[in-house]
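Each value in this text was obtained by applying a stated rule to the coordinates, not by laboratory testing. Note that this is a predicted model, so its numbers are computed, not measured. When we count neighbours, we look across all protein chains shown, and the Cβ atoms used for this are built from the backbone with ideal geometry, even at glycine.
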There are 2 protein chains.
Amino acid sequence: MQNTAEMIFTGDELLRGDIVNTNQSYLGEKLLDLGIFATHALCVADDRAAITKAIGDSLGRQPAVLILSGGLGPTEDDLTREATADAFGLGLVDHPELLEAIRTLFKDRGFVWSENNRKQATLPDGAIAIPMRGTAPGFYLEAGGTLVVALPGVPRELKEMWTGDVEPLLRERRLGTEGFAVRRVRTFGLGESRAADMLSGLEWRGAGMDIGTRASKDGLTIILRAVATPQGVLLLEQTEARIREILGGRVYGVDDDDLAAATGKLLRRAGLTVSSGESCTGGLVAKRFTDAPGSSDYFLGGVVTYSNGAKSKLLGVDEALLAAKGAVSSEVAAAMAEGARSLFGTGCAVSTTGVAGPGGGSAQKPVGLVFIGSVVAGVTVVEELHLPGTREEIRYRSAQAAIDLLRRRLLRPSQNPAARLPLSA
Amino acid sequence: MQNTAEMIFTGDELLRGDIVNTNQSYLGEKLLDLGIFATHALCVADDRAAITKAIGDSLGRQPAVLILSGGLGPTEDDLTREATADAFGLGLVDHPELLEAIRTLFKDRGFVWSENNRKQATLPDGAIAIPMRGTAPGFYLEAGGTLVVALPGVPRELKEMWTGDVEPLLRERRLGTEGFAVRRVRTFGLGESRAADMLSGLEWRGAGMDIGTRASKDGLTIILRAVATPQGVLLLEQTEARIREILGGRVYGVDDDDLAAATGKLLRRAGLTVSSGESCTGGLVAKRFTDAPGSSDYFLGGVVTYSNGAKSKLLGVDEALLAAKGAVSSEVAAAMAEGARSLFGTGCAVSTTGVAGPGGGSAQKPVGLVFIGSVVAGVTVVEELHLPGTREEIRYRSAQAAIDLLRRRLLRPSQNPAARLPLSA
């Protein structure tokens, strides 16, 4: 069909669980952006007959595009060229220009040449080479209304070939439907059912508009898809605006925006700096801030005080307070944020202290109890979280929540009423 | 065939790239541990005819096991029960005991009952229910030598059903071959070709022994697989021992061992404590140390000094040194490690300073130049790294390398000659 695609990934490592197939989600998303729907994605073992059969089965369903990934290397297990030729009843043809390119690459990089690499310079008869991004050329082959595209399995090479060659070709050929305009609205601090309640007034399934939600460790993403007609794009923009109105400060960005980077933008705009004082997150708040390139403009530094001694010595948390309230307490979270602010001389600061588990919990202070603190304009605010999940999940979520607390405080509350809502764990 | 499996995952979200299919790698690994080889893993859209066809195609290849995942919920898009029945030419049968269990669950959790949920209490005629782990029962169905197993798509529920029901059944039935003994030898600081050279003397393909390597951000893993006979296990143990002899201190553990946790074990055994002083890794070294539960026994704290001012003030790095050598220098890395050690009063310390990019590089100090420092027993050692990759890759790799430098120094060099080899980027 005009707007469908299939994918076949070869490689025992995918079936043995040695690696997770991120190429599939990458390609699925990219295809959909072009208005092409993937209907089947198959991982098949490195077996010539099985790959040949899989290609044949797929061609029988007549997708507009069949993407093959993997099996383009020089080893005996690399069988995509052979299996594609078999499936079409074609022979393999030497391509001297590819051999030359591969030889040159080997020379330039000082790799040792092996005759096995000759294999990579052969293609099924009639195929057109896609230039190498590593040491393996890809190829196109057309038959019976299906465009077969063979790409490497190495994710970096696959992505470069996709963006550099395949995507432009598919756009040019208009293989998809009108294409979809997609907007991913990123939120933090909202559960799926809560978001559904808040957004229930939106009529989001009319006029070619599709809306979905996806919960991840980075919060809830609301995915809007509309056919890329002028009306569709307008509807998408109106819906996004309406969602922002309803959810207010819970929305931290769109598409690939990152919570820490979005918070950094607000700091930069306000000419403010920030520092961190961490306990249970163990450096993750600082790590998240500094994930963003250029974060040294506003993030001056942080301390990880994993012991009570370090909390007192570095952050000036009163030893009597630690003894009276315990390290995991609202008061200590406040003192840690204030201590970090003072130590680094920053305008703002955030802090975390909690029980990340799996051990260390008690009846009064169970695993998942976390206090996050923030100082903005001399005012300290602490929130108490009760988080489910593993140690890793609790730590990540705590770091995100601490950064989000700062972010919400940097927004002007008057314009963002929802920014004052309590955080939903 | 007696020892093969296939997997079919249903769900548009898998084909749109909304989520990555981690169920596949989980099941692939688990099957292999039982000596069952997955030959095909298909993701198919939520389309009854397409799922039915996929099940039929798979049954035609006569795998011992066919695992279905997803499509067991109450919505219109949940079609696994129907498609399985269609593929076998069976009807769907009501199971009052399942309906009762689902109703009870809804009552207990205070969920609102919807008549849609009745669907989840039906199974193809002759199927045997697998008890719910969420709100959806799974099922078994046997036909023509293939055991069909339907599991939920939610990873947590799938895993619980697998370990609680399916794996014990498959073990009991001895569906696999003898089963495989698997050992994953974890190394850091070795490239694949270097490892292949070093290990080329091993005769690793004899006697049912299979060896592979997998490069990831956590280093190179050498995967040994032997048929789980007494001879096979012995061969595996001997090979592991030989690999440890050859690679020495490059080996940091086996199976699920983690580099930072392994380093923590050495610290704990030696009764030593550690702290960190970080620049380019921005908290990632501290985060990696504190990923391990119980790390407060040896990790006392860390500082992230993203500005020169913080490097001087907190870590006591000489301002004149910073001016003369620059923050990214061997001398500053040494001073940062020594400063962290002194600040936290720990026995050991590690430090990082470098250019993580994408901006900030120069001809003298390009992106990817990183210095890692360590103090052990009063002696400071710095290593210089030239790392490829993205900002994220450079940061992660730097943090791992800094921790690994400490780890190698904590090993007794006399017993681990390879621990003195220079680090290979």
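Key figures
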quantity: Distant-in-sequence amide H partners of A:Ala292 (H built 1.01 Å from N, under 5 Å); calculated: none
quantity: Share antiparallel - DSSP beta bridges, the protein assembly as shown, percent rounded to 5; calculated: 65 percent
quantity: Chain B: angle of helix B:259-270 to the longest principal axis, Cα-based, in degrees nearest 10; calculated: 60 degrees
quantity: Among B:Pro155, B:Leu68, B:Leu42 - extreme Cα towards positive end, dipole of chain B, charges at beta-carbon; calculated: B:Pro155
quantity: Considering only the stretch B:4-173, percent of DSSP beta bridges that pair antiparallel, nearest 5; calculated: 40 percent
quantity: Cα-projected label distance for A:Ala377 with B:Ile128, points at 7 Å along beta-carbon direction, nm; calculated: 6.7 nm
quantity: The protein assembly as shown - charge dipole about Cα centre, Lys and Arg +1 at Cβ, Asp and Glu -1, debye rounded to 20; calculated: 2860 debye
quantity: Label point 7 Å beyond Cα along the C-beta direction, distances from B:Gln364 to other copies (nm, shortest first); calculated: 5.7
quantity: Crossing angle, helix A:391-410 versus chain A [Cα axis fit, 0-90 degrees, rounded to tens]; calculated: 70 degrees
quantity: Per-copy distances of the A:Glu319 label point, shortest first, in nm (7 angstrom along Cα→Cβ); calculated: 3.2
quantity: Relative contact order %, the stretch B:180-254, counting alpha carbon pairs below 8 Å whose residues are six or more apart; calculated: 45 percent
quantity: Calculated label separations, A:Leu105, copies of the chain, 7 Å along the beta-carbon direction, nm; calculated: 5.0
quantity: Between helix B:230-247 and chain B: long-axis angle, C-alpha atoms, 0 to 90°, nearest 10; calculated: 20 degrees
quantity: Distance (nanometres) between label positions extended 7 Å along Cα→Cβ at A:Thr229 and B:Lys217; calculated: 4.3 nm
quantity: Two-site FRET efficiency, B:Glu100 against A:Ser193, from Cβ-Cβ distance with R₀ of 22 Å, rounded to 0.05; calculated: 0.30
quantity: Backbone HN-Hα couplings from phi across the stretch A:159-164 [Karplus 6.51/-1.76/1.60, Hz, Gly and Pro as x]; calculated: 5, 5, 5, 5, 6, x
quantity: Likely footprinting exposure, A:Val375, A:Val65, A:Val233, fewest C-beta neighbours within 10 Å first; calculated: A:Val233, A:Val65, A:Val375
quantity: FRET E, pair B:Val93, A:Ala49, Förster distance 41 Å, beta-carbon r, rounded to 0.05; calculated: 0.60
quantity: Global geometry of the stretch B:89-169, whether rounded, prolate or oblate, following the gyration tensor of its Cα atoms and the 1.5 cut on a/c; calculated: oblate
quantity: The stretch A:180-254: Cα Rg divided by the 2.2 N^0.38 Å rule of thumb; calculated: 1.02
quantity: Amide proton proximity set for B:Val303, modelled H, under 5 Å, gap of 5+; calculated: A:Val304, B:Ser276, B:Gly277, B:Glu278
quantity: In the stretch A:21-124, the GluC sites (Glu not before Pro) that fall in loop regions by DSSP, at most 12 other Cβ within 10 Å; calculated: A:Glu76
quantity: Cα-projected label distance for A:Glu393 with B:Ala323, points at 7 Å along beta-carbon direction, nm; calculated: 5.3 nm
quantity: Backbone N within the stretch A:261-284 under 13 Å of label point (7 Å from A:Asp297 Cα along the Cβ vector); calculated: A:261-273
quantity: Residue order, fewest to most beta carbons within 10 Å, for A:Ser279, A:Ser362, A:Ser295; calculated: A:Ser362, A:Ser295, A:Ser279
quantity: Residue of chain A nearest the A-to-B rotation axis [by Cβ], rounded angstrom distance; calculated: A:Gly283, 2
quantity: The protein assembly as shown, helix-only ellipticity at 222 nm - DSSP H runs n ≥ 4, -39,500 (n - 2.57), divided by all residues, nearest 500; calculated: -11500 deg cm²/dmol
quantity: Exposure proxy ranking, count of Cβ atoms within 10 Å, fewest first, for A:Ser200, B:Ser374, B:Ser351, A:Ser307; calculated: A:Ser200, A:Ser307, B:Ser374, B:Ser351
